[in-house]
1. Kindly provide the set of residues from segment 190-228 that are closer than 22 Å to LYS40 by Cβ, among the acidic types (Asp, Glu) and over 15 Å from the mean Cα position of the chain (by Cα), ordered by number.
2. So which residues in segment 27-50 are within 14 Å of SER79 (Cα to Cα), surrounded by 15 or more Cβ atoms within 10 Å (Cβ to Cβ) and of a type outside the set (Ser, Thr, Tyr), if there are any at all?
3. Count, please, the residues in segment 170-189 that happen to be under 21 Å from LYS243 (Cα atoms) and under 15 Å from the mean Cα position of the chain (by Cα).
4. Checking the structure you have, find out if any residue of segment 133-149 is free of Cβ contacts under 8 Å to residues at least 24 places away in the same chain and of a type in the set (Asp, Glu).
5. So which residues in segment 118-152 are modelled with pLDDT under 95 and among the β-branched types (Val, Ile, Thr), if there are any at all?
6. Does segment 194-251 hold any residues that are buried (at least 22 other Cβ atoms within 10 Å of the Cβ) and assigned to a strand (DSSP E or B), and which are they?
7. Check segment 127-135 and report whether any residue there is within 23 Å of ASP203 (Cβ to Cβ) and more than 16 Å from the chain's Cα centre (by Cα).
8. Is it true that LEU242 is assigned by TED's automatic domain parsing to the domain that holds VAL120, more than 29 Å from LYS53 (Cβ to Cβ) and in contact (Cβ under 8 Å) with a residue 24 or more places away in the chain?
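The values are calculated or read from the model by the stated rules, or taken from the named source; none is laboratory data. All of these numbers come straight from a predicted model, not from anything done at the bench. Positions of Cβ are generated from backbone atoms using ideal geometry, with glycine treated the same way; all protein chains shown enter the neighbour counts.
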Amino acid sequence: MLLSAVFFDVDGTIAETEELHRRSFNESFKEFNLDWFWDKPIYKELINIGGGKERIEHYMKRAWPEMLEYKNLTKYIDSIHKVKNEIYEDYINESNLEFRPGVLRLIKELKKNNIRIALVSSSSEINVNNLLNKGLKIKPKDYFDIIAHGDRTKNKKPSPEIYEWTLEKLKLSSQSCIAIEDSPRGLESALAANIKVIVTPSDLTQDEKFEGADLIVSSLGERGKPCKVIRGELKTSGFIDLKLLTKLINS
């Protein structure tokens, strides 16, 4: 079977952005006079909840259940999230973000060989666009055939809905595609859509087990700077390339 497409997750997968999100949430809480602070252990738990508004609501249920009685709860959460996104945009503008190792190299190889490339994320459209345009300073249409962001579907990862939406739009079979993820919820989402998965753990997910992943590596690797194999087999030159991806979907 030939490889048809590679699906890249966004936050933590193509770039290390989760710390910027965490800081943005904490700054937004200050704006609303909330005595909340998401430290790294708390946020490590919350990144397994897909979507920023969903994370806020989940935290309310866990720590401040009385707030669930607010009559305008949805609007209140929307307001917090809107301010958080504005702060995140400021952080993106001030950052010196780069692609994680091997991501840009692999994208260029895939495009050269006419393999379709998608971004598949639970992040909002505005956050994805800000990361690409202002953080990584690229024109998305030059790199990706489709961007499936968190506003496209009702249910976020770990639901398979966003992957199923992408497969439908591209008119592709799941068996001919591979997803690259960094979190357990992303892995679960792709597996539920019957897509094979390579995991490149991010700073916040390095201790996760990632049961069901076809390959777990420290990064996608660069020529001369091989990635570390965490679980699985990598018998090529130490980085993820088209040859290895094709072998993986046929294994």
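1. Step one: list which residues in segment 190-228 are closer than 22 Å to LYS40 by Cβ, which gives 199-210, 216, 218-219.
Add one more test, that the residue is among the acidic types (Asp, Glu), and what stays is 203, 207-208.
Selection gives ASP207, GLU208.
2. Of segment 27-50, the ones within 14 Å of SER79 (Cα to Cα) are 27-34.
From the residues that got through so far, the ones that are surrounded by 15 or more Cβ atoms within 10 Å (Cβ to Cβ) too are 27-29.
Listed by number, the residues that qualify are GLU27, PHE29.
3. Here is the first cut: in segment 170-189, the ones under 21 Å from LYS243 (Cα atoms) are 172-181.
Those still in the list that are under 15 Å from the mean Cα position of the chain (by Cα) too: 178-181.
So the answer is 4.
4. Here is the first cut: in segment 133-149, the residues free of Cβ contacts under 8 Å to residues at least 24 places away in the same chain are 133, 137-142.
Next, from what is left, pick out any that are of a type in the set (Asp, Glu): 142.
There is at least one residue in segment 133-149 that is free of Cβ contacts under 8 Å to residues at least 24 places away in the same chain and of a type in the set (Asp, Glu).
5. Hit for segment 118-152 is ILE126, nothing else.
6. Listed by number, the residues that qualify are VAL197, ILE198, VAL199, LEU215, VAL217.
7. Within segment 127-135, one or more residues are within 23 Å of ASP203 (Cβ to Cβ) and more than 16 Å from the chain's Cα centre (by Cα).
8. Values: assigned by TED's automatic domain parsing to the domain that holds VAL120: yes; more than 29 Å from LYS53 (Cβ to Cβ): yes; in contact (Cβ under 8 Å) with a residue 24 or more places away in the chain: yes.
Spelling it out, LEU242 is indeed assigned by TED's automatic domain parsing to the domain that holds VAL120, more than 29 Å from LYS53 (Cβ to Cβ) and in contact (Cβ under 8 Å) with a residue 24 or more places away in the chain.
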